[in-house]
Amino acid sequence: MNIGAEIQRLTDELNRHNHLYYVESNPEISDYDFDQLLLKLQQLETEYPEFASDLSPTKRVGGDITKKFETVKHRFPMLSLSNSYSEEEIIEWGNRIKKTIETPVEYVCELKYDGVAIGVSYLNGKLVRAVTRGDGVQGEDVTNNVKTIKTIPLQLKGDFPVDFDIRGEIYFPIKAFEKTNEERRLNGEAEFANPRNSASGTLKSQDSKVVASRGLDCMLYGIYGDDLPFDNHLESVQKAKDWGFKVPTVDAKYIFKTNSIDGIMEFIHFWDTKRHELPFEIDGIVIKVNSYEIQSELGFTAKSPRWAIAYKFKAERVETVLKDVTFQVGRTGAITPVANLKPVHLGGTTVKRASLHNADQIAKLDLHIGDSVFVEKGGEIIPKIVGVNEKLRNTSAIKVQFIDVCPECEAKLIRRDGEVQHFCPNEKTCPPQVKGKIEHFIARKAMNIDGLGSETVDLLFSKGLIKNVADLYDLRFDQVIDLDRMAEKSVNNLLKGIKESIQIPFERVLFAIGIRFVGETVAKQLAKAFKNIEALALAKYDDLVAVDEIGEKIAISVQNYFLDEENVNLIERLQKAGLQFEVEEKVLSSENLKGKNVVVSGVFSMFSRDELKELIENHGGKNVSSISSKTDFVIAGANMGPAKLEKATQLGVEIVSEDDFVKMIGQ
Ligand code: IVH
């Protein structure tokens, strides 16, 4: 058997069935038969890894872990849309266009999918990279995760352009969202608040298996490239369908062409009432000028195109009964009142709770238990109560009282001058605050302890095994293995993660220990200025405020931290455990690249991009993300973007291969 050809045949076959199932909703074979084909391909790839492709349908099930998402610049900036909230604004927008463009204008109306924007680049029909919107100029490379979304083709079919990007919205279909929450409930995990935020959270998951398991979807809404084979938006979307993308169709009324403002209004009214019948959430309608030529004539403002506008639906409002109010204690000790409601349908999900923010809010609403309340869902994570139907209030109803003592530890609550929030001051032993400190310590941006999540922290805390972060480093296998839901493998992972964390550099340890107001950047500045914890602990107020970005509030907080004996003891224990409490001065491997600005672009065979970047720094060079006249050279791998190549050639910047680079650094 020709293995390469067989792998290709299975790949094509599986891609076709994937498309039929997920995009067309019209499968030809059973799930069982599909799984058999996939298994066969997986076996062949394991046996003959030399034929396994990065774009194999086996990648759809996930498994690739991304430790840190690389920041990448968008080839075409990802702009946002200007929003409008009334029909008048749409009419004005249309009139402005009519004034500029004297000929009749065609508009295309689309749904405004409520998810996260994604940009995916294709080269020669293959998916090469998927990047989040970020700040519009650069975003995070989430390619491994995006490959698990079945409606995003890995390999295009038909007559596609050689080099282009698509823009689309990744969203959580309501059914998949509800299924995930159901599973989380059964596992005793906290439920997700809404589809949009959880789609965004899922996309940033480090484990692509998690993404694969959630069932995210993607709808395409734009194509960007230099020489595209069409001259209007609707045609581009329809062509993209032939290449394998999931696109809105005219038949489903998801996209609609019209040459009048009345036509636009018809589309808006239709979806304003029908939107809850959709299998996904939308938060409005997008209207775009169809012709590319007119689009470029209209151009852009600083932030958004003039040729498109979003019409946002008004926040939805329902009425339901307030059953009671409970009070939650956050990791900083902040008390949040939560309204427990008679479950009610709102915007595609069932709402059982609403945020009440703080005591002032409760007073302002004059809330009574049993009140009939109006609940609204705007863009917030949880819906909020916006008013009370006083006509329905029972005369004997009891007014909602704010609490005086912490519901977790019974400490008397405080409310600082000028602040609206009540706090529990007992940060040392109040359970959510202690657990919060530990969760902050283990987080990705802090000590990044693999194998330890908030549920395990809960468990270890409730069994009395950890009372502070230093206790983590004393944990033993025999203590943890006896706990519920702890298998040998997970205990080993957890202990390994803890042990490995002692390598984390000082600046992150400083962030992790949770000194009030010392965030990531401040921790970096402090580490750079004082070099070690002893010097920081002894720093005078004037020394502290002399550091960039350190003001009075932070300086006082740092000093207070070290005045507390318990904190000093904690640090001593962490030092004994081997954590880094001083800056590691980098010893350069050589100075071969001293003063050189280097750009890394493309895919390499010997090193990963991160490894190359580390090598550049180890040899005295500086990594820069984009090519300019100041760039000394570009290390070019396979698939280096044509735009970059052209720019480098134009500016006369030297292009070196991976091999040349290795010679340059003398390795
Ligand atoms: S077009 C240059 N079309 O809305 C304009 N955006 O602020 C590009 N969105 O985050 C956007 N549905 O992800 C466009 N049919 C649609 C959309 C859509 C949702 C999102 C988009 C962006 C935001 C625009």
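To keep it simple, each residue is scored yes or no on (1) surrounded by fewer than 22 Cβ atoms within 10 Å (Cβ to Cβ); (2) more than 25 Å from GLY453 (Cα to Cα); (3) among the aromatic types (Phe, Trp, Tyr); (4) at pLDDT 95 or above.
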{"site": "THR151", "(1), (2), (3), (4)": "yes, yes, no, yes"}
{"site": "LYS157", "(1), (2), (3), (4)": "yes, yes, no, no"}
{"site": "LYS175", "(1), (2), (3), (4)": "yes, yes, no, no"}
{"site": "GLU178", "(1), (2), (3), (4)": "yes, no, no, no"}
{"site": "ASN181", "(1), (2), (3), (4)": "yes, no, no, no"}
{"site": "LEU186", "(1), (2), (3), (4)": "yes, no, no, no"}
{"site": "GLU189", "(1), (2), (3), (4)": "yes, no, no, no"}
{"site": "PHE192", "(1), (2), (3), (4)": "yes, no, yes, no"}
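Considering only residues in region 45-87 that are open to solvent by less than 60 Å² (accessible area, probe 1.4 Å) and within 16 Å of the ligand (Cβ to nearest atom), the one that is nearest to LYS312 (Cα to Cα) turns out to be SER84.
Residues that are touching a residue at least 40 places away in the same chain (Cβ under 8 Å) and out of contact with any Pro (no Cβ under 9 Å at 6 or more places or on another chain) were ranked within region 337-364; the one that is surrounded by the most Cβ atoms within 10 Å (Cβ to Cβ) is ALA339.
Among all positions in region 235-243, there is no residue which is assigned to a loop (DSSP other than H, G, I, E, B), closer than 25 Å to ASN15 by Cβ and at pLDDT 95 or above. Using the structure shown, decide if ARG353 is of a type outside the set (Asp, Glu) and farther than 30 Å from PRO432 by Cα. When the stated conditions are applied, ARG353 does not pass them. For first residues located in region 618-634 and surrounded by 14 or more Cβ atoms within 10 Å (Cβ to Cβ), partners that are of a type outside the set (A, V, I, L, M, F, W, C) and part of a loop (DSSP other than H, G, I, E, B) and lie 6+ apart or on another chain with Cβ distances below 6 Å form the pairs ASN618/SER589; HIS619/SER589; HIS619/SER590; HIS619/ASN592; GLY620/GLU591; GLY620/LYS594; GLY621/LYS596; ASP632/LYS596. Evaluation of ASN290 against the conditions (1) open to solvent by less than 20 Å² (accessible area, probe 1.4 Å); (2) in contact with a strand residue (DSSP E or B) (Cβ under 7 Å, 6 or more places away or on another chain); (3) over 23 Å from ASP114 (Cα atoms) shows that the sole unmet condition is (3). One residue is enough: does region 425-435 have a residue meeting the conditions farther than 20 Å from LEU579 by Cβ and among the β-branched types (Val, Ile, Thr)? Looking for residues that are farther than 20 Å from LEU579 by Cβ and among the β-branched types (Val, Ile, Thr), one finds at least one in region 425-435, hence yes.
I'd like to check something: does region 364-374 contain any residue that is modelled with pLDDT of 95 or more and among the β-branched types (Val, Ile, Thr)? Yes, region 364-374 contains a residue that is modelled with pLDDT of 95 or more and among the β-branched types (Val, Ile, Thr).
Taken over region 566-580, the residue count meeting the criterion of being open to solvent by 50 Å² or more (accessible area, probe 1.4 Å) and at pLDDT 95 or above is 7.
Quick grid of which residues meet (1) among the aromatic types (Phe, Trp, Tyr); (2) in contact with a strand residue (DSSP E or B) (Cβ under 8 Å, 6 or more places away or on another chain); (3) surrounded by fewer than 22 Cβ atoms within 10 Å (Cβ to Cβ):
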residue: LEU216; (1), (2), (3): no, yes, no
residue: LEU228; (1), (2), (3): no, yes, yes
residue: LYS241; (1), (2), (3): no, no, yes
residue: ILE264; (1), (2), (3): no, yes, no
residue: LYS274; (1), (2), (3): no, no, yes
residue: PRO279; (1), (2), (3): no, no, yes
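Taking the criterion of being under 17 Å from ASP217 (Cα atoms) and of a type outside the set (A, V, I, L, M), the residues of region 156-180 that qualify are ARG167, GLY168, GLU169, TYR171, PHE172, PRO173, LYS175, PHE177, GLU178, LYS179, THR180.
Within the set GLU102, GLU110, the sole residue that is open to solvent by less than 70 Å² (accessible area, probe 1.4 Å), among the charged types (D, E, K, R) and either within 15 Å of the ligand (Cβ to nearest atom) or free of Cβ contacts under 8 Å to residues at least 40 places away in the same chain (or both) turns out to be GLU110.
Results for (1) at pLDDT 90 or above; (2) touching a helix residue (DSSP H, G or I) at 6+ places or on another chain (Cβ under 7 Å); (3) more than 23 Å from ALA411 (Cβ to Cβ); (4) among the aliphatic types (A, V, I, L, M), shown as yes or no for each residue.
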| site | (1), (2), (3), (4) |
| --- | --- |
| TRP307 | yes, yes, yes, no |
| LYS314 | no, no, yes, no |
| VAL318 | yes, no, yes, yes |
| THR326 | yes, no, no, no |
| ALA339 | yes, no, yes, yes |
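Taken together, ILE97, ILE118 contain a single residue that is more than 13 Å from the ligand (Cβ to nearest atom) and open to solvent by less than 30 Å² (accessible area, probe 1.4 Å), which is ILE97.
Scanning region 396-419 for residues that are out of contact with any Lys or Arg (no Cβ under 6 Å at 6 or more places or on another chain), part of a strand (DSSP E or B) and not basic (Lys, Arg) gives a single hit, ILE414. Inside region 459-487, residues that are modelled with pLDDT of 90 or more and open to solvent by less than 70 Å² (accessible area, probe 1.4 Å) make up a count of 16. In the set (1) within 16 Å of the ligand (Cβ to nearest atom); (2) assigned to a strand (DSSP E or B), the condition left unmet by SER200 is number (2). Residues that are open to solvent by 90 Å² or more (accessible area, probe 1.4 Å), under 30 Å from ALA363 (Cα atoms) and not in a strand (DSSP E or B) were ranked within region 298-331; the one that is nearest to the ligand (Cβ to nearest atom) is LYS314. For region 74-86, the count of residues that are in contact with an Asp or Glu (Cβ under 9 Å, 6 or more places away or on another chain), of a type outside the set (Lys, Arg) and more than 21 Å from ILE309 (Cα to Cα) is nonzero.
Entry remark, region 127-137: residues being at pLDDT below 95 and either surrounded by 22 or more Cβ atoms within 10 Å (Cβ to Cβ) or more than 15 Å from the ligand (Cβ to nearest atom) (or both) number 0 in total.
The residue that is modelled with the lowest pLDDT, counting only those in region 593-628 that are part of a loop (DSSP other than H, G, I, E, B) and among the hydroxyl-bearing types (Ser, Thr, Tyr), is SER625. Report yes if ILE287 is under 26 Å from the mean Cα position of the chain (by Cα) and within 13 Å of the ligand (Cβ to nearest atom), otherwise no. No. Within region 365-383, one or more residues are of a type in the set (Gly, Ala, Ser), loosely packed, with under 14 Cβ neighbours inside 10 Å and under 33 Å from the mean Cα position of the chain (by Cα).
Here no helices (runs of 4 or more DSSP H) wholly within region 433-516 include at least 3 residues being more than 30 Å from ILE554 (Cβ to Cβ) and touching a strand residue (DSSP E or B) at 6+ places or on another chain (Cβ under 9 Å).
Which residue out of GLU45, GLU70, GLU28 is among the acidic types (Asp, Glu) and touching an Asp or Glu at 6+ places or on another chain (Cβ under 7 Å)? Answer to the check: GLU70.
The values are calculated or read from the model by the stated rules, or taken from the named source; none is laboratory data. Owing to the predicted nature of the structure, the values given are computational and were not obtained by experimental measurement. Ideal geometry is used to build each Cβ from the backbone, glycine not excepted, and the neighbour counts take in all protein chains shown. Heavy atoms of the whole protein, side chains included, go into the accessibility calculation; ligands, DNA and RNA do not. Shrake-Rupley method; radii C 1.70, N 1.55, O 1.52, S 1.80 Å.
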